[in-house]
Number of protein chains: 2
Amino acid sequence: MPTKKKPQVTASPERRRELLDTAAEVFAAQGYNATTVRKIADAAGMLAGSLYYHFDSKESMLDEILSTFLTELWEGYDTVLASSLGPRETIEALVTESFREIDRHRAAVAIYQKESRHLSAQPRFHYLADSQAKFEKAWLGTLERGVADGVFRDDLDVRLTYRFVRDTVWVAASWYRPGGQHSPEEIARQYLSMVLDGIAVRTA
Amino acid sequence: MPTKKKPQVTASPERRRELLDTAAEVFAAQGYNATTVRKIADAAGMLAGSLYYHFDSKESMLDEILSTFLTELWEGYDTVLASSLGPRETIEALVTESFREIDRHRAAVAIYQKESRHLSAQPRFHYLADSQAKFEKAWLGTLERGVADGVFRDDLDVRLTYRFVRDTVWVAASWYRPGGQHSPEEIARQYLSMVLDGIAVRTA
DNA sequence: ATCCTTCCCTAACAAGTGTTTGGTAGGTTA
DNA sequence: TAACCTACCAAACACTTGTTAGGGAAGGAT
């Protein structure tokens, strides 16, 4: 039974994590293609070739960064979706969970946002497309349920609403910096308030 | 008086436009760094070296794509801002104008979204940072005016609201396809309805 | 003292990169 | 016909890219 591709002989998982974290930072800041393995090695304080003791390719670093992020994301999402909440409460929980994930995986989210589209065409990264489909099913389904229940407006294109909610949440990763003046929960609260009730003053 | 850098001897502006349009499509689809000049030449039906008859570098193609887009964008924005509308009407006009620009410059907007952040550090693309500052001033100022006038809610972080409105509009470029079922004006109308009034049903 | 494991370095590789140079087919002008 | 201009091709250039092979230093285990 041959081991897949080119596995590392021995390498500590802690060091891997460290290197993946710095790699993710560089990827997020410069873009994946614009990032050379020498830049990553620089940021990690070593030489380019040394990275290949821990990983067998630049692409597999990206792969591991994205897949571990998505795994953790879906852990949180599935918990929410299994709680059988009402439509509005589900949306609230999903948004809050999303901002927590942005807080924890800021770099990975930024990479995902920039590169996801053209990566998902590649067979190796097909799980990105799978995830997106599952994502759409969860959010769109909740919105439709909400319209049917009369808690969400029925005069809007649901698909447009879906993209609206989805994008408003995830683009926050492009400017969010952990340790800022707003906690993830506070940002989620304000975002939800805007998305649900709008920014205009109600004239009743 | 020496001409700057390496100007083309002679080249028709129409052909330049054509080539820039195809280059913008490839940049938008694959990302700037992942796009080789050979791919652009392929899409244009010629060889890589031939591009250098029209342009003096790959970077100057990107430059011309982004700067012409921003020029046209600010033409529209400045017209709106000079009309001395009320805060709410200004936001509505800006959003509508934005979707029209996305309709016209879909590829350029997509490129701008992906690459703007790390490009603006480069001196050549410093006008991107200038534009962003001007952008923020216009939108944030309008929002603050609206809060002062009592047409926008005062219980929200204005800067957060700004990012919210800005992002919801421009990320649309990532999925928008001209000739779809919704016109730019229709999309603007629904987006404004969501941003201003929220997606929840009002329980009076 | 010897061996082994972990982790990194040195030095090079082949492929791909943006770019340049010189040439040339076809149309326009003199 | 001759000169010229436009728009491209053919072929190479110097450099950067991801990746590999072999070696070696430090430290723990035997």
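The orientation-averaged shadow of the Cα convex hull for the protein assembly as shown, equal to a quarter of the hull surface, comes to 25.4 nm².
Dipole magnitude for the protein assembly as shown: about 1300 debye, using +1 per Lys or Arg Cβ and -1 per Asp or Glu Cβ, origin at the Cα centre. Among A:Thr161, A:Thr203, A:Thr22, A:Thr36, sorting on how many other beta-carbon atoms sit within 10 Å of each Cβ, with the fewest leading, yields A:Thr203, A:Thr36, A:Thr22, A:Thr161.
Summing +1 for each Lys or Arg and -1 for each Asp or Glu among the other residues whose beta-carbon sits under 12 angstrom from that of A:Val109 gives 0. Here the simple spin-label model places points 7 Å from the Cα toward Cβ, and for A:Asp149 and B:Arg17 these points are separated by 5.3 nm. Take each residue in A:28-35, count the other chain C-beta atoms within 10 Å of its C-beta, and the mean is 4. Each other residue within a Cβ distance under 11 Å of A:Leu85 adds +1 if Lys or Arg and -1 if Asp or Glu, for a net charge of 0. For the residues of A:153-164, the average number of beta carbons from a partner chain within 10 Å of their own beta carbon is 4.
Helices in chain A, meaning DSSP H runs of at least 4 residues, each add -39500 (n - 2.57). Divided by all residues, the mean residue ellipticity at 222 nm is -22000 deg cm²/dmol.
Just to confirm the number: angle between the C-alpha axis of helix B:106-119 and the first principal axis of chain B, 0 to 90 degrees, nearest 10? The angle comes out at about 90 degrees.
For the residue pairs A:Lys39/A:Lys134; B:Lys58/B:Lys137; A:Lys58/A:Lys137; A:Lys58/B:Lys39; B:Lys58/B:Lys134; A:Lys39/B:Lys58, the alpha carbons lie more than 25 Å apart in A:Lys39/A:Lys134; B:Lys58/B:Lys137; A:Lys58/A:Lys137; B:Lys58/B:Lys134. The length gained by stretching the chain between A:Ser193 and A:Ser84 to full extension, at 0.36 nm per residue less their Cα-Cα distance, is 37.0 nm. With neighbours defined as other Cβ atoms within 10 Å of a residue's Cβ, the residues A:Asp149, B:Asp167, A:Asp155 order from fewest to most as A:Asp155, A:Asp149, B:Asp167. From least to most packed, judged by other beta carbons within 10 angstrom and beginning with the fewest, B:Asp154, B:Asp42, B:Asp63 follow the order B:Asp154, B:Asp42, B:Asp63.
Here the calculated FRET efficiency for A:Tyr52 and A:His118, from their Cβ-Cβ distance with R0 = 22 Å, stands at 0.30, rounded to the nearest 0.05. Given springs between every Cα pair under 10 Å in a Gaussian network model of chain B, which of B:Pro87, B:Pro178, B:Pro123 has the largest fluctuation? Highest fluctuation among the options: B:Pro123.
Any chance you could give the angle, 0 to 90 degrees and rounded to 10, that helix A:126-149 forms with the longest Cα principal axis of chain A? Long axis of A:126-149 versus the principal axis of chain A: about 10 degrees.
Identify the chymotrypsin sites (Phe, Trp or Tyr not before Pro) of the range B:113-204 meeting these criteria: DSSP loop state and at most 15 other C-beta atoms within 10 Å of the C-beta. Counting only loop positions with at most 15 other Cβ atoms within 10 Å, the chymotrypsin sites (Phe, Trp or Tyr not before Pro) in the range B:113-204 are B:Trp175.
The charge dipole of the range B:97-193, taken about its Cα centre with unit charges on the Cβ atoms of Lys, Arg (+1), Asp and Glu (-1) only, comes to about 380 debye. Here's the picture: charge each Lys and Arg Cβ at +1 and each Asp and Glu Cβ at -1 in the range A:1-156, and of A:Thr90, A:Tyr77, A:Ala43 the one pushed furthest to the positive end of that dipole is A:Ala43. A full extension of the chain between B:Trp175 and B:Ser67 corresponds to an added length of 36.6 nm, given 0.36 nm per residue minus the alpha carbon distance. Using the Cβ-Cβ distance between A:His126 and B:Ala34 with R0 set to 22 Å, the FRET efficiency works out to roughly 0.75.
Its relative contact order, with pairs defined as Cα atoms under 8 Å and 6+ residues apart, puts chain B at 22 percent.
Each value in this text was obtained by applying a stated rule to the coordinates, not by laboratory testing. Because the structure is a prediction, the values reported are computed rather than measured. Ideal geometry is used to build each Cβ from the backbone, glycine not excepted, and the neighbour counts take in all protein chains shown.
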